[in-house]
Amino acid sequence: MRTSSGLAASAQLERKRFEQAMLRIMQALDIRTQTDLAEHTGFKQASISYARRQGTIPDTLLLRLSLPHC
């Protein structure tokens, strides 16, 4: 059974991994802000902000990034 400090450490690790993944995405696209990411992907900036608060990268965002641009 995990202690509360173990759970906190696990959450911190997951947050760190999320932030690293977001940073890699933004670096690959040569963008600096959530607004730029939203414009590049067609998402609303609020959706990007919400995803960041939740610590998740939406599947649809990854799919849009993987498709060639028309």
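Note on segment 33-51: residues that are out of contact with any helix residue (DSSP H, G or I) (no Cβ under 7 Å at 6 or more places or on another chain), more than 23 Å from Pro68 (Cβ to Cβ) and not hydrophobic (A, V, I, L, M, F, W, C) amount to 2. For segment 43-63, the set of residues classified as over 25 Å from Ser10 (Cβ atoms), open to solvent by less than 60 Å² (accessible area, probe 1.4 Å), not in a helix (DSSP H, G or I) and not aromatic (Phe, Trp, Tyr) is empty.
The values are calculated or read from the model by the stated rules, or taken from the named source; none is laboratory data. Only a predicted model underlies this, so the values are computations on that prediction, with no experimental measurement involved. Cβ sites come from the backbone with ideal geometry, for glycine too, and all protein chains shown count toward neighbours. Just the protein is used for accessible areas: all its heavy atoms, side chains included, with ligands, DNA and RNA removed. Shrake-Rupley method; radii C 1.70, N 1.55, O 1.52, S 1.80 Å.
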